[in-house]
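Here is the structure we will look at.
Just so you know, all these numbers are worked out from the coordinates, no wet-lab data involved. Since we're looking at a predicted model, the values are computed, not measured. Because the Cβ atoms are built from the backbone with ideal geometry, glycine has one as well, and the counts that use them run over all protein chains shown.
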Amino acid sequence: MSRAFTVLAECIDHRSGKRFAKGSIFDPAPTAEQAQRLVKAGCLPEEALTIGNTAKVAEKRPGKGQKATSADRDAED
């Protein structure tokens, strides 16, 4: 996992309830929205925003064997 997800201040993943201590790695990676909140609170470094936004785009892409809908294609434009 990237240094971007090294915890700067103790926090909790709202998805799982898992507590992360300072210095631990926030894994699984936060969503883009969650990364924004955690960076604003001083829990993650600003680098997490760039990686979080990349993950958000990847989440929207259809997986192997899935067909992209017109809404998916429009969202990428």
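Scanning the stretch 1-40 for residues that are polar (S, T, N, Q), over 13 Å from Ile51 (Cβ atoms) and part of a helix (DSSP H, G or I) returns no hits. Do you know which residues across the stretch 41-52 are outside any loop (DSSP other than H, G, I, E, B) and either surrounded by 15 or more Cβ atoms within 10 Å (Cβ to Cβ) or touching a strand residue (DSSP E or B) at 6+ places or on another chain (Cβ under 9 Å) (or both)? The answer is Glu47, Ala48, Leu49, Ile51, Gly52.
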